[in-house]
Amino acid sequence: MTEIVKTIELLEKLISFPTISSESNRDCIDWIGDYLKSHGARCEITSEAEGKANIFATLGPDTSGGIILSGHTDVVPVSGQNWSSDPFKMKRENDAFYGRGTCDMKGFIAAALAMVPKYSSIELKRPLHFAFTYDEEVGCLGARVLVNQLIASGLKPSACIVGEPTSMRIIEGHKGMCEYTTEFKGLEGHSSQPELCVNALEYAHRFINKLMEVRKELPGMAPDGSRFNPPYSTSSICACHSGTTHNVIPSQAEVEWEMRVVQRSDREWLRDQMGRYVDDILRPEMKKISPSADIRETVCIETEGLEPDPDSEAVKIVQELTGGNSTEVVAFGTEAGLFSRAGISSVLCGPGSIEQAHKPDEFVTESQLISCLKMLDRLSNELI
């Protein structure tokens, strides 16, 4: 298969772009755009963040009902990791290709791009779209922009294959990930006069205790037959920052907490419970002593989950392409949930193992890339 040679060449180029989420991915996107345009693709490069860009490209007719191949171009940082070679210079050892992003998830992008010459050489009756985004690793920020623009355009693709590293297993569902920071502003004072102060730390702990109480209800809300592990949504308190010394009542406190959500309704229920506790009890008590006291919540990340759909067109397509019958669910979040919420049937299937993602000496194997190329090669039958 000549496409594997092209895939390796393209992967080496993609790895050379240090597209860490904190840095620009624009050079990488511009290079992908030039490549796609050279094969006749219609490309739209957009951004709502300085130095960042998405690309949405199309081969075939300008109609709805197409299939999207989706991937993120950003990678996680390498600082503090003990790499045995330059992470942005791809290295091959036996069957494996090493470099930051080889597995997560430039291997899939390279394979998709390697198939473009074949796709462009045939008359497609169904559109094929390429959606490559920025800042997936820090909250799917680019995909949010791209999906909103797609909805506004009126174009309605019917299926999306997100090539996250699944070892080419078919993944039909994943939990949503939500991260919040709740800040408490009290009134500082001497610890000998606590009745004149608003102890932000104590209110933060009351918030934590309430969250621990409320989350006990989540196991009973698990959908019937849920295959997630655990099968229900969870919530964790991850950090609490406050205080300066023994004899000062703290005026500031901050609680960092998160959720792993099986179904969107669980997130809405828990936030409603906590919101009412803050509005009806904590905040009024604080303001009785100090009118300027307050509680403020910041939504850091709300990544949509991908809820399994027994009638998923995307799952059926990938099952036909790979010959696989079984499907699985995973705990990590992806952009698939955003496409799904927009009414686009979505599935995960891509080369590489999540066990290698984000680690030093990240790698993808040639055999995995070949399996991906076989899937993408058969995809042409869905388009003609």
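Quick notes on this structure:
- Signed unit charges on C-beta, dipole axis of the chain, positive-most listed residue Leu218, Gly40, Phe184: Gly40
- Taking θ as phi - 60° and the Karplus parameters 6.51, -1.76 and 1.60, the scalar couplings of region 9-22 work out to 4, 5, 5, 4, 5, 4, 5, 5, 8, x, 8, 4, 3, 7 Hz in sequence order, x denoting glycine and proline.
- Reference-scaled alpha-carbon Rg (2.2 N^0.38 Å with N residues) for the chain: 1.12
- Computed over region 302-384, the ratio Rg/Rh where both radii use C-alpha atoms and Rh is Kirkwood: 0.98
- Cα convex hull of region 176-303 - mean projected area over all directions, nm²: 8.0 nm²
- With 0.36 nm allotted per residue and the present C-alpha distance subtracted, the Lys37-Ala49 stretch has 2.0 nm of extension available.
- Pairs over the 21 Å Cα-Cα cut-off, from the set Lys316/Lys374; Lys118/Lys316; Lys156/Lys316: Lys118/Lys316.
- Over region 176-303, Cα pairs under 8 Å with separation of 6+ residues give a relative contact order of 43 percent.
- Taking the Cα centre of the chain as origin and assigning +1 to Lys and Arg Cβ atoms and -1 to Asp and Glu Cβ atoms, the resulting dipole is close to 380 debye.
- Couplings 3J(HN,Hα) for region 188-202, derived from phi with the Karplus relation 6.51 cos²θ - 1.76 cosθ + 1.60 (θ = phi - 60°), are 6, x, 6, 5, 7, 10, x, 5, 9, 10, 10, 7, 4, 5, 5 Hz, where x marks Gly and Pro.
- Segment Glu183-Ser326, length gained on full extension (0.36 nm per residue, minus Cα span): 47.0 nm
- Stretchable slack from Lys89 to Lys118, in nm (0.36 nm times residue separation minus alpha-carbon distance): 7.7 nm
- Exposed GluC sites (Glu not before Pro) absent - longest run of the chain, DSSP non-H/G/I/E/B, at most 15 other C-beta within 10 Å: 189-354
- Taking region 139-183 and a reference point 7 angstrom along Cα→Cβ of Arg378, the backbone N atoms nearer than 20 Å belong to 159-173.
- Between Gly333 and any residue 5 or more places off or on another chain, the built amide H atoms are never under 5 Å apart.
- Nonlocal amide H pairs with Ile20, under 5 Å, H built at 1.01 Å: Val75
- 3J(HN,Hα) from dihedral phi, region 260-266, Karplus parametrisation 6.51/-1.76/1.60, rounded to Hz, x for glycine, proline: 10, 9, 7, 9, 4, 4, 5
- For Ile170, the residues whose modelled amide H falls within less than 5 Å of its own, excluding neighbours fewer than 5 places apart on the same chain, are Glu328.
- Dipole of region 176-303, positive direction: furthest Cα of Leu201, His241, Ile281, with charges on the beta-carbon: Ile281
Quick note: the coordinates plus some simple rules give every number you see, no bench work behind them. Keep in mind that this is a model prediction, so the values were computed, not measured. Here Cβ is always computed from backbone atoms with ideal geometry, including for glycine, and neighbour counts include all displayed protein chains.
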